[in-house]
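Below is one structure, written out as structure tokens; comments come after it.
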Amino acid sequence: MGWPLGEARKRVYRFLLWDTGLALSGAWLVNVAILVMAAAVFHREGLVVTDFAEAYRTLSPLLGPLAALAFGVALLASGLSSTVTGTLAAQVVVEGFLRLRVERGRLRLIVRLLALLPAAVALSLGLPAMALIVLSQVVLSLTLPVALFPLARLTEDPARMGELQNGPLARALAWGAAFFVTGLNLWLLARLLTG
């Protein structure tokens, strides 16, 4: 289309930002809708539900068969949205930062298989699904700073980002988020160890 290189880069980054933002927002909205709906229904009925299978089985008698189907579809949509975001992130890292050329279909397959591997191993060992979900969130929480600090540093580096480097406000927000998440993790870890 004849865009200058700098302008084309800005357009690509803008589209990537929107794409990632929409995918993550979709997953967040679905998760919030599931939690609010389930909490409202189960609280109203005075039920204590401790896992997804129980929630699925309980929704049909309370709200009808379509409610359980909607619950399942919402969980699937949330998982797909998260998977798409992870696959796009892996593609950007592999192609953009590592400068490796891998066929996109093969890269997507590898990323998804790697994402499924820990869950498949844990389920084959007979670990309960709800315990796996909690464990995955703990691991995600503890590994998030490992990604946030390099990301904050990378996006402020003029040698790598050029004119697209973070400005002062974005830098402050990026470093603030990295330290905030790390502080929360340390606080929760201290509470776990002392309580």
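Quick check on SER82: is it buried (at least 16 other Cβ atoms within 10 Å of the Cβ) and out of contact with any Gly (no Cβ under 6 Å at 6 or more places or on another chain)? Considered against the rule, which asks whether it is buried (at least 16 other Cβ atoms within 10 Å of the Cβ) and out of contact with any Gly (no Cβ under 6 Å at 6 or more places or on another chain), SER82 comes out as yes. All of (1) open to solvent by less than 80 Å² (accessible area, probe 1.4 Å); (2) touching a residue at least 40 places away in the same chain (Cβ under 8 Å); (3) more than 19 Å from GLY86 (Cα to Cα) hold for GLU163 with one exception: (1).
Looking at the structure I just gave you, is ARG9 charged (D, E, K, R), open to solvent by 90 Å² or more (accessible area, probe 1.4 Å) and either touching a residue at least 12 places away in the same chain (Cβ under 8 Å) or touching a Leu at 6+ places or on another chain (Cβ under 7 Å) (or both)?
yes
If the condition is being outside any helix (DSSP H, G or I) and under 23 Å from LEU144 (Cβ atoms), then region 86-119 contributes only LEU98. Only one of the listed residues (ARG101, ARG108) is among the basic types (Lys, Arg), open to solvent by 90 Å² or more (accessible area, probe 1.4 Å) and touching a residue at least 12 places away in the same chain (Cβ under 8 Å). That residue is ARG108. Within region 48-71, the set of residues being part of a helix (DSSP H, G or I) and surrounded by 16 or more Cβ atoms within 10 Å (Cβ to Cβ) comprises PHE52, ALA55, TYR56, THR58, LEU59, ALA67, ALA68, ALA70, PHE71.
The lone criterion from (1) out of contact with any Pro (no Cβ under 8 Å at 6 or more places or on another chain); (2) open to solvent by 40 Å² or more (accessible area, probe 1.4 Å) left unmet by THR155 is number (2). Taking region 107-140 as the range and being more than 29 Å from THR182 (Cα to Cα) and of a type outside the set (A, V, I, L, M, F, W, C) as the test, the residues that pass are ARG108, SER124, GLY126. Residue pairs whose Cβ atoms lie under 8 Å apart, sitting 6 or more positions apart in sequence or on different chains, and linking a residue in region 23-35 that is closer than 19 Å to ALA55 by Cα to a partner that is among the hydrophobic types (A, V, I, L, M, F, W, C) and open to solvent by less than 40 Å² (accessible area, probe 1.4 Å), are VAL30/ALA74; ALA33/ALA74; ILE34/PHE71; ILE34/ALA74.
The values are calculated or read from the model by the stated rules, or taken from the named source; none is laboratory data. Since we're looking at a predicted model, the values are computed, not measured. All Cβ positions, even for glycine, are placed from backbone atoms using ideal geometry, and neighbour counts span all protein chains on display. These area figures cover heavy atoms from the full protein model, side chains too; ligands, DNA and RNA do not enter into them. Shrake-Rupley method; radii C 1.70, N 1.55, O 1.52, S 1.80 Å.
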